[in-house]
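Every read-out reported here was derived from the displayed coordinates using simple, explicitly stated rules and does not represent laboratory data. In this text, all values refer to a predicted model and were calculated from it rather than measured experimentally. Don't worry about glycine lacking a Cβ; one is built from the backbone with ideal geometry, like all the others, and counts go over all protein chains shown.
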Amino acid sequence: MNKKALVSLSGGLDSATTLAIARSQGYQVYAISYNYEQRNSVELTAARKVAKSMNVEDHKIMNIDLSQIGGSALTDDIPVPTDNSSEEEIPATYVPGRNLIFLSLALAWAEVNDIYDLFIGVNSLDYSGYPDCRPEFIKSFQKTANLATKAGVTGHDITIHTPIIKLTKAEIIMKGVELGVDYSKTISCYNPDEQGRACGVCDSCRLRKEGFRKAGMPDPTKYQDKE
């Protein structure tokens, strides 16, 4: 148990499953989450619960104000879409530069802690069409990481792991259940209420609901339309 990994933990089911996969591969797991002035702080509460339940070595929450940039329904005064009828390839919930910024911060903290394996729960199948969730982006970032860091240029190869990138949402859920993930501690909603209940109608909620249905497993999510 001397190899370490840093997992980007949003509080959603994808990142929770990714964390569980890293643990199952024998890593000492560290976690990093981001308070980026997103629409809600419920996901940070979920991230803390997930990190605690999985006994991570350290859980850092980075503060960065992406509302100063705006341009997203998650950081700006833009309505969260509640249907999938739009023909837009990239939805309003896309946050400009988010994974690029987050991975850069994760890389910096990882390097300070002598961590050379970074895990992120991006997915290129059941996802919302974000460009920074594609394999091409991850491959490019890994190359840049090894060129831009002391670790990379002194022989410590940095690897960006994306263990769920080619899994369907149902497959992700089944893998997580196999590894003991408690999905009741996670939230995937773009627009939860103050009680932390998911809206049930945003794109992320629909993908989550459909994933549990296809996996043949009960969805433990608390939705606003249910008591």
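A helix-only calculation puts the chain at -11000 deg cm²/dmol for mean residue ellipticity at 222 nm, using -39500 (n - 2.57) for each DSSP H run of at least four residues, averaged over all residues.
Taking a straight line from the alpha carbon of residue 4, these aspartates and glutamates sit under 17 Å away, with near neighbours fewer than eight places off in the same chain left out: 57, 58, 111, 114, 117, 157.
Amide H contacts under 5 Å for residue 34: 62, restricted to partners 5 or more places along the chain or on a different chain, H placed in the peptide plane at 1.01 Å from N.
Checking the cross-link pairs 60/169; 52/166; 185/209 against a 22 Å limit on the alpha carbon distance flags 60/169; 52/166 as lying beyond it.
Modelled spin-label separation between residue 179 and residue 213, with each label point placed 7 Å from Cα along the Cα-to-Cβ direction: 2.6 nm. Partners of residue 175 within straight-line reach, counting aspartates and glutamates whose Cα lies under 18 Å from its Cα and excluding those fewer than 8 residues away in the same chain: 14, 126, 210, 219.
Here's how it looks for residue 94: its modeled amide H is under 5 Å from those of 73, which are all 5 or more places away or on a different chain. Annotation: amide H of residue 161 within the under-5 Å range of 118, 119, 120, sequence separation 5 or more or interchain, hydrogens built in the peptide plane. The residue among 191, 24, 47 whose Cα reaches farthest toward the positive pole of the charge dipole of the stretch 4-215, with charges on the beta-carbon of Lys, Arg, Asp and Glu, is 24.
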